[in-house]
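The values are calculated or read from the model by the stated rules, or taken from the named source; none is laboratory data. Bear in mind that the values here come from a model prediction, so they are computed numbers and not experimental data. A quick note on method: Cβ atoms are made from the backbone with ideal geometry, for glycine too, and the neighbour counts reach across all protein chains shown. With ligands, DNA and RNA removed, areas are computed over all heavy atoms of the protein, side chains included. Shrake-Rupley method; radii C 1.70, N 1.55, O 1.52, S 1.80 Å.
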Amino acid sequence: MEQHKKGQWGNQFGFLMAAVGSAVGLGNLWGFPYKMGKNGGFAFLFIYILLVVFVGIIITITELSIGRKTGKGVVGAYRDLGKKYAPIGWFGVISPFLIMSFYTMLGGYTLKYMVANLGDIFGASWGYQGSGMATGDYFQSFYSDQLQTCIYTAVFVVLTAAVVRGGVSQGIEKFSKVAMPALFFMLLAVIVRSVTLPGAGEGLRFVFEPNFEVFKGSGWVNVFAAAGGQAFFSLSLGMGIMVTYGSYLKKDEDLKVNSIVIPVADTIIAVLAGVAIMPAVFAAGLEPTAGPGLLFVTLQTVFASMGAGGPIFGFLMYFLVFIAAITSSISLLETVVSVVVDLKLERSETKSFDKKKITFWCAAAVLAEAIFVSLDGLGSHGFPQILGQSTWLDSMDLVSEGVLMPLSALFTAIICGWIMPRFVPDEVERNGKFTWEKFYMFCIKFVVPPVMVLVLVGQIDTFFSLGIFS
Ligand code: PFF
């Protein structure tokens, strides 16, 4: 169907569910609990919360304002700020495009594990237990199987595209309004099971016990850089997502409230993820890790050791992870689609576009890159290294999360703090007084830029194991 308008959120709850859905993703579930435990427990949480308040909320309201004011996708939005800023808009569409290459692959992994646990519920031979393998071997045999991983990745891409092609309110909003509350309740169910396992206390201690040792010497720089990088990825900032989602906001929507609710909800879910995951890991006597190992080996080991109820909790958990991943993936694809829609609108004389067709082609491009990343998988096929990273997943992540994302946020802060300081306050004041304008101006000018430089250096340090701060 040809469309003339880009779409709008039906109501505030719908917008919030979509935006929180974007923020809550794999980053919360497999990154946060471990990083918190490793970097000082409550001490890390304290730093993280400071960053969310002084940087996360500030960039969120900035990006939402840019989106709503211009009503465009990220490239058009930055071009509206000033012709010379268009490249920053391009950063904001290249990042989500590259992130999708591996995010959809990992989304495919969650599908595989949903299927495996479902099989176990029915005692089927295609379940995990039917394979007769140890969890580590099972995971390795899966991610080394290029055909299988490509198929699951493709299914995940198709599911993402199916929601995006439904449109902003009829697709993304409708889906998120059901999926996000479901995720929340599933998380609570998993928490109840997890903390009542014998030996769970050790896991809670791992996540929460304050440890100020990590701040010793130059250690605090590491903690700051880790918390900053995590906060940015987790809040979906510096990638045009909030610009895009902001562009579908009604003019009477209060940006101040929304820009606080999204980061706060994301942080609460991240902490709850720690309560859901780590007690189970420790109860099963396993070592905590981060990344795919935690989600697909350690957790599966936990479910396998739970006896009869294990597969049910396993299914529930992987379903939860799947929802977290797909709502994030949807926001990534929508950001790309929205830019292409703008380009189409600029060129077309009838001022119309076919969102379904555009979604199809964007999803096809994503699938193409995701297939390459899936073929390399977790790096067991001897593919050539790109940018010195051991997997193509890491190479894509380096360019997007490591470099473009902090740069985009840094430039955005410079533009909105120093060059056009009235831009955000004017947009926010459409809905009443900007009660914390002074705080906003202080942060966007003096706090966000140095933090973004620190995050950038911290990311490069991590990706290339340079040991700059050690
Ligand atoms: N925020 C998501 C997570 O924590 O997993 C990932 C993500 C989604 C990052 C969308 C960036 C983005 F634009």
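Below is a table of values for the structure above.
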quantity: Those aspartates and glutamates that a straight Cα-Cα span of less than 14 Å connects to LYS355, excepting residues fewer than 8 apart in one chain; calculated: GLU2, GLU334, ASP342
quantity: Label-point separation, LEU147 to PHE42 (7 Å along Cα→Cβ), nm; calculated: 5.5
quantity: Net length gained if the chain between ILE468 and LYS250 were fully extended (0.36 nm per residue, minus Cα distance); calculated: 73.9 nm
quantity: For segment 209-290, convex hull of alpha carbons as volume per residue, Å³; calculated: 140
quantity: Extension gain from LEU375 to GLU209, taking 0.36 nm per residue of separation minus the Cα-Cα distance; calculated: 55.7 nm
quantity: Label-point gap, in nm, between PHE446 and TRP361 - each point 7 angstrom along Cα→Cβ; calculated: 4.9
quantity: Across LYS251/LYS356; LYS69/LYS256; LYS6/LYS72, pairs whose alpha-carbon gap is larger than 18 Å; calculated: LYS251/LYS356
quantity: Gain in span if fully extended, LEU188 to LEU387, counting 0.36 nm per residue against the direct Cα distance; calculated: 67.6 nm
quantity: Separation of the SER352 and SER125 label points, Cα + 7 Å toward Cβ, nm; calculated: 5.4
quantity: Helix runs (DSSP H) in the chain reaching 30 Å along axis by Cα, Kyte-Doolittle at least -0.5; calculated: 86-121, 174-195, 255-283, 310-347, 355-376
quantity: When the convex hull of its Cα atoms is projected in every direction, mean area for segment 68-170 (nm²); calculated: 9.2
quantity: Area of VAL257 that stays accessible when all protein chains are in place (1.4 Å probe, Å², to 10); calculated: 70
quantity: Efficiency of FRET between LYS84 and VAL158 - r from beta-carbon atoms, R0 41 angstrom, step 0.05; calculated: 0.60
quantity: Scattering profile of segment 1-135 at q = 0.12, 0.14, 0.15 Å⁻¹ [log10 I(q)/I(0), Debye over alpha-carbon scatterers]; calculated: -0.79, -0.98, -1.05
quantity: Segment 243-329: Cα Rg divided by the 2.2 N^0.38 Å rule of thumb; calculated: 1.44
quantity: For q = 0.10, 0.14 Å⁻¹, Debye-computed log10 I/I(0) when each Cα of segment 263-404 counts as one equal scatterer; calculated: -0.54, -0.94
quantity: Solution diffusion estimate, µm²/s, Stokes-Einstein, the chain, Kirkwood Rh from C-alpha pairs, 20 °C, viscosity 1.002 mPa s; calculated: 96
quantity: Violating pairs (Cα-Cα greater than 23 angstrom) within the set LYS35/LYS216; LYS5/LYS357; LYS38/LYS112; calculated: LYS38/LYS112
